[in-house]
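Peer 1: Input: one structure, supplied below.
Bear in mind that the values in this text are calculations on the coordinates, not laboratory data. Note that the structure is a prediction, hence the values are computed from the model and not measured. We place every Cβ from the backbone using ideal geometry, glycine too, and count neighbours over all the protein chains shown.
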Number of protein chains: 2
Amino acid sequence: MIPDSNKKPISELRFDLVSKNWVVIATGRAKRPEEFAKQERVKIEVLEKDCPFCNLSTQGKPLLEYKNEQGQTEVIVVPNKYPAFSFSDSLHERAEGPYSLMDGVGFHEVVITSDHKKSLAELSLAQIRKVIDAYHERYLELANEKFINYVSIFHNHGREAGASLVHPHSQIIAIPIIDPDLQGSLNGSRLFFDNQGECVHCKMIEWDMEDKRRIIFENKNFVVLTPFASRAAFEIRIYPKEHHPYFERIKDIEKDQLAQALQEALKRIFKGLNDPAYNFFLHTAPADGKDYGHYHWHFEILPKTSIWAGFEMGTGIEISTVEPEAAAKYLREIE
Amino acid sequence: MIPDSNKKPISELRFDLVSKNWVVIATGRAKRPEEFAKQERVKIEVLEKDCPFCNLSTQGKPLLEYKNEQGQTEVIVVPNKYPAFSFSDSLHERAEGPYSLMDGVGFHEVVITSDHKKSLAELSLAQIRKVIDAYHERYLELANEKFINYVSIFHNHGREAGASLVHPHSQIIAIPIIDPDLQGSLNGSRLFFDNQGECVHCKMIEWDMEDKRRIIFENKNFVVLTPFASRAAFEIRIYPKEHHPYFERIKDIEKDQLAQALQEALKRIFKGLNDPAYNFFLHTAPADGKDYGHYHWHFEILPKTSIWAGFEMGTGIEISTVEPEAAAKYLREIE
């Protein structure tokens, strides 16, 4: 009989160096990556004629529009018709007994690609590059607005990931606060920098590029990997290889490389996992004018491969049923 | 024309005094509480004969069993057949380059009520009291185990809330770390105590009981309310009215009152929101033997009324489409 202490543990608790969170990686009951391709998808069928994003005259005045060489619109940015935040020339903060609150002042925009059916993973490199351009352009505009301290750029794909419309679109929300997730990461990043004199993300990327087990793809400027402390099965991050705190300072030539990295990441989960629902978002230094030289901007892609339940809601600890090393190997080998 | 600054803002950012998180309460596009009753529910049909919890011989040896006066099993606790953590007589911690990890050592148990179809909301007060007894009994047992620093007790109801089996059950997970959500709350609670000399939860409860707008129900020992900074529509918390850091020190007579408070909370969302999916969990002081005199244990109930999407995943800011005051009024008036 094998004594307990020699058995492979059923799971591992991995520590996130930046957020200081723990995640659980199920090793004993790990699923094979192929299994995720077989999960059922909730399909939303909406015809072009009923789609608000195919009928842009129903939306507000475009804030930005990129056309292709034939003069057809490829990417358009409009204000969200049902915003979570809205512009105001004043920002009221107040107390209610022990509590405090402020008006939801900000901006909420939608970045729409023209094809009703083709998700980002299916677009050409040139089209994805235009989406990156739109993110960048609107970021620069919104970051300079009064009261705005953070600009959140994100994309929901699929019903299970919270997309309410089938027509592919990203969202940009500019808010007067620095959100708690980013604040946690900024604190962790600053602490590491103060203690070790280097960027925690650079340190991890350097190790991972040597270790290779979690690398999915790399080009000149970017690396696509599964993080050591993955929050979910097939979580992917896209990092600039060099230390860059501020997304808004990205160079033109780097945007080509970012478009390729994003395309490679999305194509591989589209093909390898049979078009799963996912969210992706940008994490970058705040727009509050303070110094965040210790930070390192990146994109996080979180396929929706499971539902958050009581344990996750109550503890903030997420359980991933695939080892990041197995996920990276699987996605790396997708052609 | 009304100038912008006089318009009611479309949303409010409310600050959580304990976790230091922000939540967004949509005021401008708030939904009416009745609307949630009309949402579609994903139904899982499993017959008793195929249900593992109706065929307890397929499960492990019971850890605990409560019978009614007729000798029929009402509540039973068994080890989870697919645990996320498992027992070991050693706890290995190690480093991998800049990273650190440890074995997933712990316990994972299931608290099963005997009726296949009746959810907690539909049980008698005596039956719910037995569930509370089971939580308490197993808590005391697990908190004393080697390596265990926190015992998480939670319940998932409905597919959308992550319940994989239709047969009602709660779960208990005992882990070697203090989870990040609770750690954040402990930090916030300690800071408030050090600065103000009192418990932040007591302060909020006192204000809310005077204010009355967020109170759903109260009895001698417990108050059921919607928190000022609700993370989701119809979030509910159950607090002991008096300052109690440690759930495990609950008295017998208080357990009757807690069972009633939990029943009232679950019955009201069952009736008022047409049996929505929900998660609930216990937050209590850790079991690591340190002093948490500043903390105040409570249950949190989170109905699954929306899907977390890119904004929530990327920022940690949750958007609630119902004002907690409107939610409490609605649930208060349910008979």
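Peer 1: In the protein assembly as shown, if the dipole is taken from +1 on Lys/Arg beta carbons and -1 on Asp/Glu beta carbons about the Cα centre, which of A:Gly184, A:Tyr82, A:Leu165 is farthest to the positive end?
Peer 2: Sorting the options by dipole projection puts first A:Leu165.
Peer 1: Which entries in A:Lys304/B:Lys271; A:Lys31/B:Lys130; B:Lys130/B:Lys241 show an alpha-carbon gap greater than 32 Å? Walk me through the intermediate numbers first.
Peer 2: Values: A:Lys304/B:Lys271 30 Å; A:Lys31/B:Lys130 36 Å; B:Lys130/B:Lys241 22 Å.
Over 32 Å Cα-Cα: A:Lys31/B:Lys130.
Peer 1: Using a simple charge model, +1 on the beta-carbon of Lys and Arg, -1 on the beta-carbon of Asp and Glu, nothing else, what dipole does the range B:48-175 show about its Cα centre, in debye to the nearest 20?
Peer 2: Numbers: 12 positive and 17 negative charges, 44 e Å.
Computed about the Cα centre, the dipole is about 220 debye.
Peer 1: Rounded to the nearest 500, what is the 222 nm mean residue ellipticity of chain B from helices alone, with -39500 (n - 2.57) per DSSP H run of 4+ residues and division by all residues? Each step should come with its number before you reach the end.
Peer 2: Details: 7 runs with 89 residues, N = 335.
Mean residue ellipticity, 222 nm, calculated: -8500 deg cm²/dmol.
Peer 1: Give, as a single signed number, the net charge of other residues whose beta carbon lies under 13 Å from the beta carbon of A:Lys20, with Lys and Arg counted +1 and Asp and Glu -1. Mind showing how you got there, number by number?
Peer 2: Working: positive: A:Arg14, A:Arg190; negative: A:Asp16, A:Asp181, B:Asp179, B:Asp181.
That sum, taken over residues with Cβ under 13 Å, equals -2.
Peer 1: Could I ask something else about it? Sort B:Val78, B:Val23 so that the residue with the fewest other Cβ atoms within 10 Å of its own Cβ comes first and the one with the most comes last.
Peer 2: Values: B:Val78 21, B:Val23 25.
In increasing order of surrounding Cβ atoms, one gets B:Val78, B:Val23.
Peer 1: Give the long-range amide H neighbours of A:Phe222: residues separated by 5 or more places, or on another chain, with amide H under 5 Å away, using H modelled in the peptide plane at 1.01 Å from N.
Peer 2: Distant-sequence amide H within range of A:Phe222: A:Lys241.
Peer 1: Tell me, what HN-Hα J-couplings in whole Hz come from the Karplus equation 6.51 cos²θ - 1.76 cosθ + 1.60 at θ = phi - 60° for each residue of the range B:58-70, using x for Gly and Pro?
Peer 2: In residue order, the calculated couplings are 7, 8, x, 4, x, 8, 6, 8, 10, 10, 8, 5, 8 Hz.
Peer 1: Same structure, new question: Please state the shape class of the range B:24-147: rounded when a/c is under 1.5, otherwise prolate if a/b exceeds b/c and oblate if not, all from the C-alpha gyration tensor. Present the calculation step by step, with values, prior to reporting the outcome.
Peer 2: On the way: a/c = 1.99, a/b = 1.15, b/c = 1.74.
It is oblate, given that a/c is not under 1.5 and a/b is not larger than b/c.
Peer 1: Sorted from largest down, give the three principal axis spans of the alpha carbons of the protein assembly as shown, whole angstrom values.
Peer 2: 81, 72, 52
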